[in-house]
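Asks: Sharing a structure below in structure tokens format, with a few things to ask.
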Amino acid sequence: VILQMKYSGAKQGAAPAGQVKFFFQSQAPAGEDAVSKEEFEGKAGEVTVLRQASKATVLAGMGKKDEFEPEKLRLASGMAALAARRTSAKDFLVKLPNCPFLSEAVTARIFCEGAGIALYDFSKFKTKEEDSALEKELSFFLEGTDELEIAEGIRTGTIMAESANFARDIANEPP
């Protein structure tokens, strides 16, 4: 997967074909995102994809707000990225959640880490046919109030995910 992370202000042209939204367990998606409690409760690691015509909305749960910790956001980000990869959409607007005690920079960093690490695929020894079936370009446009903070979080999170994935590449190589 070719992965791009950008601040939503950098998006030019048409609106993204998909969205990623995060919810705590006590929050119920409303409006166009409304789903029954049986379909989506907002539990940690829970992901639901809503498809409407040519758009896809990924709902990711982060568990109970009073039990929140950054690792739950990283897990939700990874699960959301994997769900996004299974849709036909190529670009997603990410509505960063309001997480207790986390700045937008840290929230953006954690999203980028979680998504980048979850989408890792070691394909060095696969044939071109196998590799091309997995090849998909995904772009995530992160939305928030402070462009500089989000840009710094994207930069740091992307570097951390790429570093972890590089270490995984080395571990997957023959001795």
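The values are calculated or read from the model by the stated rules, or taken from the named source; none is laboratory data. Not measured: the values here are computed from a predicted model. FYI the Cβ positions are ideal-geometry reconstructions off the backbone, even for glycines, and counts take in every protein chain you see. When the accessible area is computed, the model is the full protein with side chains, heavy atoms only, and any ligands, DNA or RNA have been set aside. Shrake-Rupley method; radii C 1.70, N 1.55, O 1.52, S 1.80 Å.
Asks: Looking only at residues that are part of a helix (DSSP H, G or I) and modelled with pLDDT under 85 in segment 130-163, which one is most open to solvent (accessible area, probe 1.4 Å)?
Replies: Residue satisfying both the conditions and the ranking: E130.
Asks: Moving to a separate point now. Give me the residue from segment 86-104 that is modelled with pLDDT of 90 or more and either open to solvent by less than 10 Å² (accessible area, probe 1.4 Å) or in a helix (DSSP H, G or I) (or both) and, out of that set, nearest to L148 (Cα to Cα).
Replies: E104
Asks: Further question on the same structure: Of everything in segment 48-80, what is more than 16 Å from P29 (Cα to Cα) and open to solvent by 40 Å² or more (accessible area, probe 1.4 Å)? Give them in sequence order.
Replies: A53, S54, K55, D66, E67, E69, P70, E71, K72, R74, L75, M79
Asks: Can you name the residue in segment 2-45 that is modelled with pLDDT under 80 and in a strand (DSSP E or B) and is also nearest to P100 (Cα to Cα) among such residues?
Replies: Here the answer is Y7.
Asks: I've got another one for you. Could you please find all residues in segment 105-117 being among the aliphatic types (A, V, I, L, M) and open to solvent by less than 30 Å² (accessible area, probe 1.4 Å)? Write out each step before concluding.
Replies: As a first pass, look at segment 105-117 and keep what is among the aliphatic types (A, V, I, L, M): 105-106, 108, 110, 115, 117.
A105, A108, I110, A115, listed by residue number.
Asks: Can you go through T107, T48 and tell me which one is among the hydroxyl-bearing types (S, T, Y) and either part of a helix (DSSP H, G or I) or in contact with a Gly (Cβ under 6 Å, 6 or more places away or on another chain) (or both)?
Replies: Among T107, T48, only T107 is among the hydroxyl-bearing types (S, T, Y) and either part of a helix (DSSP H, G or I) or in contact with a Gly (Cβ under 6 Å, 6 or more places away or on another chain) (or both).
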